[in-house]
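In what follows, a single structure is set out as structure tokens and then discussed.
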């Protein structure tokens, strides 16, 4: 049944937009009652609320004479805004879950503030994704926030914290404009890679010309792939420097034994491991025998994608040493200390004695010691090992608490 006497479509659309914003604000009101373990989460929520209140007032003040086109634009923009920040609300809610390792908030926040900006904030949360990820400081309302999410089943597992180093690296890549600084050298490397294999280049150009693409398109898509790959490698080097051997162990834990499929934005699985080995060697870190062996390679889809990746990979190999050194120099200049072997051994001995270390250790040293203990015990994966595995995690968390206390006393 239809009616021609009801409100105009624009009136109903505006009503829908207002209801959506009101529903969003109602959800924020519920979240405000949560117990936030750190102030950053509550501050993020307050910033989002402030902007949605502004939007609510703007929608309520629209005059009846507003035209249909403007209404459509407002409704579209409101829909995008609500959609974008609904995910963030869920993230903030899950950041209050008691299963999260709240103890690591401050050491990770210090890493962020030293390498990105002193004003940076951190919200950590559990997520229903397989591997850790980040919102790399590109959210309009939370431009000073790094949001790091870890997989929910591992939310209390301190041993995977080194992977947060990789995710923080994405924010460091953007804030330090690494992509912009390496682009001239990478562009030249892409051109060299394409032109040094004239036969492959001409064959591929003949193929892509059938769908309207030319050499310029090939150069741009190779550059885009290579730039994304180098960002991932920058983040690997960032995590490796920040957490040392613990990053290698956590990487192997999540990604072993490699991958059978390849995304154009990522290095090949085996190549990525070799870049990690290279970075470790540069830092003087010995990669344990057999850690990445055997490691399966990731293969691109057959056809054009494989040809494009072969050019991009050659450019990545050419520029990687500069990116590696740039990463390590950045962290040194930011006065990020590497894990000290003697401290790792001391913490490991404390864990073996089933007590937290009481002398103060860096997060990287605590987690590395935990990994060494776990590996010496064969992985602690059987049901009968579960009490010892839980004890190990609790001792590491207590050691972090002790270290944070000692640090605050020192600077009091």
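General remarks:
- Annotation: residue 181 fulfils all but one of (1) touching a helix residue (DSSP H, G or I) at 6+ places or on another chain (Cβ under 6 Å); (2) within 21 Å of residue 331 (Cα to Cα); (3) surrounded by fewer than 16 Cβ atoms within 10 Å (Cβ to Cβ); the unmet one is (1).
- Looking only at residues in the stretch 293-312 that are under 18 Å from residue 197 (Cα atoms) and touching a helix residue (DSSP H, G or I) at 6+ places or on another chain (Cβ under 7 Å), the one that is surrounded by the fewest Cβ atoms within 10 Å (Cβ to Cβ) is 304.
- Of the helices (runs of 4 or more DSSP H) entirely within the stretch 132-218, those holding at least 3 residues that are in contact with a strand residue (DSSP E or B) (Cβ under 6 Å, 6 or more places away or on another chain) occupy 162-175.
- Residue match in the stretch 197-220 (condition: crowded, with 19+ Cβ neighbours inside 10 Å and farther than 26 Å from residue 94 by Cα): yes
- Here the helices (runs of 4 or more DSSP H) wholly within the stretch 1-118 that include at least 2 residues being closer than 30 Å to residue 234 by Cβ and in contact (Cβ under 8 Å) with a residue 60 or more places away in the chain are 39-60, 68-94, 105-115.
- A search for C-beta distances below 7 Å between a residue of the stretch 241-259 that is within 24 Å of residue 301 (Cα to Cα) and any residue that is surrounded by 22 or more Cβ atoms within 10 Å (Cβ to Cβ), counting only pairs 6+ apart in sequence or on different chains, returns 254/163.
- When 248, 218, 255 are checked against the criterion of being touching a helix residue (DSSP H, G or I) at 6+ places or on another chain (Cβ under 7 Å) and within 30 Å of residue 362 (Cα to Cα), a single residue qualifies: 248.
- Number of the condition not met by residue 35 [criteria: (1) surrounded by 11 or more Cβ atoms within 10 Å (Cβ to Cβ); (2) at pLDDT 90 or above]: (1)
- Failed condition for residue 403, given (1) over 11 Å from residue 103 (Cβ atoms); (2) over 25 Å from the mean Cα position of the chain (by Cα); (3) in contact (Cβ under 8 Å) with a residue 12 or more places away in the chain: (1)
- Cβ-Cβ under 8 Å pairs, at least 6 apart or on other chains, the stretch 347-370 side on the phi > 0 side of the Ramachandran plot, far side assigned to a helix (DSSP H, G or I) and surrounded by 22 or more Cβ atoms within 10 Å (Cβ to Cβ): 354/395; 360/403
- For first residues located in the stretch 371-382 and surrounded by 13 or more Cβ atoms within 10 Å (Cβ to Cβ), partners that are at pLDDT below 95 and part of a helix (DSSP H, G or I) and lie 6+ apart or on another chain with Cβ distances below 6 Å do not occur.
- Residue that is surrounded by the most Cβ atoms within 10 Å (Cβ to Cβ), among those in the stretch 263-273 that are at pLDDT 90 or above and part of a loop (DSSP other than H, G, I, E, B): 267
- Number of the exception - residue 321 against (1) within 21 Å of the chain's Cα centre (by Cα); (2) surrounded by fewer than 22 Cβ atoms within 10 Å (Cβ to Cβ); (3) closer than 20 Å to residue 176 by Cα: (1)
- Being assigned by TED's automatic domain parsing to the domain that holds residue 141, farther than 28 Å from residue 99 by Cβ and surrounded by 11 or more Cβ atoms within 10 Å (Cβ to Cβ) is a description that does not apply to residue 42.
- Filter pass, residue 342 being modelled with pLDDT under 95 and farther than 30 Å from residue 258 by Cα: no
The values are calculated or read from the model by the stated rules, or taken from the named source; none is laboratory data. Remember, predicted model here, so these are calculated numbers, not experimental data. Counting neighbours? That spans all protein chains shown, and the Cβs are built from the backbone with ideal geometry, glycine included.
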